[in-house]
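Colleague: My structure is below; once you've seen it, I'll send some questions.
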Amino acid sequence: MTSVANRTVTAVEEAERHTAHNYHPLPVVIAEAEGAWVTDVDGRRYLDCLAGYSALNFGHRHPGLIAAAREQLDRVTLTSRAFLHDQFGPFCRDLAELTGKDMVLPMNSGAEAVETAIKVARKWGYKVKGVPDGQATIIVADGNFHGRTTTIVSFSTDPEARADYGPYTPGFRVVPYGDLEALRAAIDETTVAVLLEPIQGEAGVLVPPRGYLTGVREACTERRVLFVADEIQSGLGRTGATFACDDEGVVPDMYVLGKALGGGIVPVSAVAADRDVLGVLRPGEHGSTFGGNPLACAVARAVVGLLATGEPQRRAREVGEHLHRRLGELVGHGLTAVRGRGLWAGIDIDPALMTGREASERLMARGVLAKDTHGSTLRLAPPLVVTREEIDGAVDALAEVLKSAGSAG
Ligand SMILES: Cc1ncc(COP(=O)(O)O)c(C=O)c1O
């Protein structure tokens, strides 16, 4: 820490003293940002290869999104859902069109949207499918990450996320991710939904075997079960398509969206589904004070507008191919595996060289911000506005980090 300039040291110490230690941030204190770059309080610049865990798909302070937010700030920011406002209908209509669904229900955080999907699926199970009261089950995958609420951590298989937070919410069955037979076997007459990430982000950007999502879709249709796709991290352009499910041409019954929907400006999440599913909710049964507020709707509508052009998806595809080609060159040279799609990569560092944490610290020293996930896995998810040259700079920095560790060892 002695080489770190003063403002950074002071800010890190202050945060350590006055906040719960539920995160272990890199010791960088960001003061400004634009596009794919951030600047710290001591004036150092870094390429942001995490992009707020994909909440910043369109880059920091995207001009069109900032303009939409500014305009809305001058008009009205909050009404609560007790009243309607003029941004609500247009946003819901545009998001319904983007998802190809009849209806959407806006919330704030990703976890709230997942909770919404769980409640809607259970209610659909009781009212439409005819599951006996209190017996609904939902199938989830091991290694899942769907958020931090007590119900969601109840079906997490990560001891760090789950231990000490019981008693746990019942009604979930965990099956191995990517194993279609196990999933089929777990479905019975009480099953109301299968809840999955089409690519598991926190688990290390795990892409399931080809045909898995198609098989899940078929199994759900055959057994009258809702396929709920948590596209909070994988969706909205990240993988080179609007949704990761698009890669197999699969349409789930319910999309769960968040992160990038708020344009990196405000928390906005939503579920999208057809009327026969989302229509089960009646007034007073579910909601949130800030869900669907005017500022959120104005920004998220501008986000939907960007995605409707197809441009962010195209960039993610093209620059993403370059990223994966460049990362592939490092396999056998400090990396043991590279996974992912579009501008999203999980890379496994040879554990003999260093941990993921050490790698992210060394990358930071070279002006690249990335974050480890489990053990020696790093996750790269730069904003979709990143250029090939910037990707080259980041991969060159990674190559240097791996090489220096190899020679030191
Ligand atoms: C797939 C997925 N679902 C849900 C969440 C939870 O979102 P939030 O942190 O906004 O509650 C995340 C967050 O990382 C996620 O990656």
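Colleague: Could you tell me the relative contact order of region 191-255? Use alpha-carbon pairs under 8 Å, at least six residues apart, and round to a whole percent.
Modeller: Working: 91 pairs, mean separation 24.5, N = 65.
It comes to 38 percent, rounded to a whole number.
Colleague: Residue-wise, which Karplus ³J(HN,Hα) couplings in Hz belong to region 325-337, taking 6.51 cos²θ - 1.76 cosθ + 1.60, θ = phi - 60°, and x for glycine or proline?
Modeller: 5, 5, 5, x, 5, 8, 5, x, 10, x, 9, 9, 7
Colleague: Could you state the principal axis extents of the C-alpha atoms in the chain, from the largest down, to the nearest angstrom?
Modeller: Here the Cα extents, ordered largest to smallest, are 63, 53, 43 Å.
Colleague: Suppose each label sits 7 Å from its Cα in the direction of the beta carbon; what would the ASP274-GLN135 distance come out to in nanometres?
Modeller: With each label point 7 Å from Cα toward Cβ, the separation is 2.6 nm.
Colleague: Here's another thing I want to ask about it. Between 0 and 90 degrees, rounded to the nearest ten: what's the tilt of helix 88-99 against the longest Cα principal axis of the chain?
Modeller: With rounding to tens, the tilt is 80 degrees.
Colleague: Ok, one more. Compute the angle between helix 6-18 and the longest alpha-carbon principal axis of the chain, please, reported from 0 to 90 degrees and rounded to the nearest 10.
Modeller: So the helix axis and the longest Cα principal axis differ by about 40 degrees.
Colleague: Roughly how tilted is helix 356-365, in degrees to the nearest 10 and between 0 and 90, from the longest Cα axis of the chain?
Modeller: 50 degrees
Colleague: What's the longest piece of the chain with no exposed chymotrypsin sites (Phe, Trp or Tyr not before Pro), counting a site as exposed if DSSP puts it in a loop and it has at most 11 other beta carbons within 10 Å?
Modeller: Details: sites that count: TYR23, PHE83.
Counting at most 11 other Cβ atoms within 10 Å as exposed, the longest clean stretch of the chain is 84-409.
Colleague: Between GLU321 and GLU358, what is the label-to-label distance in nm when each label sits 7 Å out along the Cα-to-Cβ direction?
Modeller: It is 3.7 nm.
Colleague: In addition: Charges only on Cβ, +1 for Lys and Arg, -1 for Asp and Glu: so what's the dipole of region 268-398 about the Cα centre, in debye to the nearest 20?
Modeller: 260 debye
Colleague: How high is the relative contact order of region 134-214, given as a whole-number percent (alpha carbon pairs under 8 Å, six or more residues apart)? Could the numbers behind the result be given before it?
Modeller: Working: 114 pairs, mean separation 31.3, N = 81.
Contact order relative to length: 39 percent.
Colleague: Taking amide H positions as placed 1.01 Å from N in the peptide plane, with prolines and chain starts having none, which residues 5 or more places from MET107, or on another chain, fall under 5 Å of its amide H?
Modeller: So MET107 has HN proximity to SER269, ALA270, VAL271, GLY292.
Colleague: Charges only on Cβ, +1 for Lys and Arg, -1 for Asp and Glu: so what's the dipole of the chain about the Cα centre, in debye to the nearest 20? Show your work: numbers first, answer last.
Modeller: Working: 42 positive and 52 negative charges, 117 e Å.
Dipole magnitude for the chain comes out near 560 debye.
Colleague: Right, another one. Per DSSP helix of 4 or more residues, -39500 (n - 2.57); summed, then divided by the residues of the chain. What does that give at 222 nm, rounded to the nearest 500?
Modeller: On the way: 14 runs with 151 residues, N = 409.
The helix-only estimate for the chain comes to -11000 deg cm²/dmol at 222 nm.
Colleague: Here is a further query. For region 107-114, just list the computed ³J(HN,Hα) in residue order, Karplus coefficients 6.51, -1.76 and 1.60, θ = phi - 60°, integers in Hz, with x standing in for Gly and Pro.
Modeller: 10, 10, 8, x, 4, 5, 5, 5
Colleague: Stretched out fully, how many nm does the piece from VAL128 to VAL174 gain, at 0.36 nm a residue minus the Cα gap? Working shown, then result.
Modeller: Working: separation 46, 0.36 × 46 = 16.56 nm, distance 2.40 nm.
Stretched out fully, the VAL128 to VAL174 stretch lengthens by 14.2 nm.
Colleague: Further, regarding this structure: Rg and Dmax of region 2-157, using alpha carbons, in Å: what are they?
Modeller: 21.1, 64
Colleague: Return the distance in nm (one decimal) between the two label points of a simple spin-label model at ASP392 and ALA20, each offset 7 Å from Cα along Cα→Cβ.
Modeller: 4.6 nm
Colleague: Relative contact order for the chain: what is it in percent, counting Cα pairs under 8 Å that are at least 6 residues apart? Provide the component values of the computation, followed by the final result.
Modeller: Details: 817 pairs, mean separation 90.0, N = 409.
Contact order relative to length: 22 percent.
Colleague: Residues with beta-carbon under 9 Å from that of ASP274, excluding ASP274: net charge, scoring Lys, Arg +1 and Asp, Glu -1?
Modeller: Values: positive: LYS101, ARG275; negative: ASP102, ASP253, ASP276.
Its environment carries a net charge of -1.
Colleague: Which whole-number percent of Cα pairs in region 231-379 have a distance greater than 22 Å? Before the final figure, lay out the partial values.
Modeller: On the way: 5859 of 11026 pairs.
For region 231-379, the fraction of Cα-Cα distances above 22 Å is 53 percent.
Colleague: Rounded, prolate or oblate: which fits region 98-254, taking a ≥ b ≥ c as square roots of the Cα gyration tensor eigenvalues, rounded meaning a/c under 1.5, else prolate when a/b beats b/c?
Modeller: Working: a/c = 1.26, a/b = 1.09, b/c = 1.16.
Because its axes are fairly even, with a/c under 1.5, region 98-254 counts as rounded.
Colleague: Now for a separate question. Restricting to DSSP loop positions (anything but H, G, I, E, B) with no more than 12 other Cβ atoms inside 10 Å of their own Cβ, which trypsin sites (Lys or Arg not before Pro) remain in region 195-295? Working shown, then result.
Modeller: Working: sites: ARG210, ARG217, ARG223, ARG224, ARG238, LYS259, ARG275; in loops: ARG210, ARG224, ARG238.
Counting only loop positions with at most 12 other Cβ atoms within 10 Å, the trypsin sites (Lys or Arg not before Pro) in region 195-295 are ARG210.
Colleague: Restricting to bridges with both residues inside the chain, how much of the DSSP beta-bridge set is antiparallel, in percent to the nearest 5? Before the final figure, lay out each step's value.
Modeller: Numbers: 29 of 46 bridges.
In the chain, approximately 65 percent of DSSP beta bridges are antiparallel ones.
Colleague: Can you figure out the FRET efficiency of THR79 with GLU400, using R₀ = 60 Å and their beta-carbon distance, to the nearest 0.05? If you can, show how the numbers build up before the last one.
Modeller: Details: r = 52 Å, r/R0 = 0.87.
Efficiency at R0 = 60 Å is approximately 0.70.
Colleague: Just how many pairs of Lys in the chain have C-alpha atoms closer than 27 Å, counting pairs that are eight or more places apart or on different chains?
Modeller: 11
Colleague: Hey, with R₀ at 60 Å, roughly what FRET efficiency would GLU222 and ALA31 work out to, going by the Cβ-Cβ distance, to 0.05?
Modeller: Details: r = 54 Å, r/R0 = 0.90.
The computed FRET efficiency comes out at 0.65.
Colleague: Return the loop-located trypsin sites (Lys or Arg not before Pro) in region 99-148 (DSSP other than H, G, I, E, B) with at most 16 other Cβ atoms within 10 Å of their own Cβ; answer none if there are none. Please list the in-between numbers first.
Modeller: On the way: sites: LYS101, LYS119, ARG122, LYS123, LYS127, LYS129, ARG148; in loops: LYS101, ARG148.
Loop-located and lightly packed - ARG148.
Colleague: Next question. Going by Cα centres, region 39-93 and region 136-177 are how many Å apart?
Modeller: Region 39-93 and region 136-177 have Cα centres spaced 31 Å from each other.
Colleague: For region 83-191, restrict the atom set to alpha-carbon positions and state the Rg and Dmax in Å.
Modeller: 16.3, 48
The numbers here are math on the coordinates, done by the rules we state, and not lab data. As the structure is a prediction and not an experimental result, all values here were calculated from the model. Please note: Cβ atoms are built from the backbone with ideal geometry, for glycine as well, and neighbour counts cover all protein chains shown.
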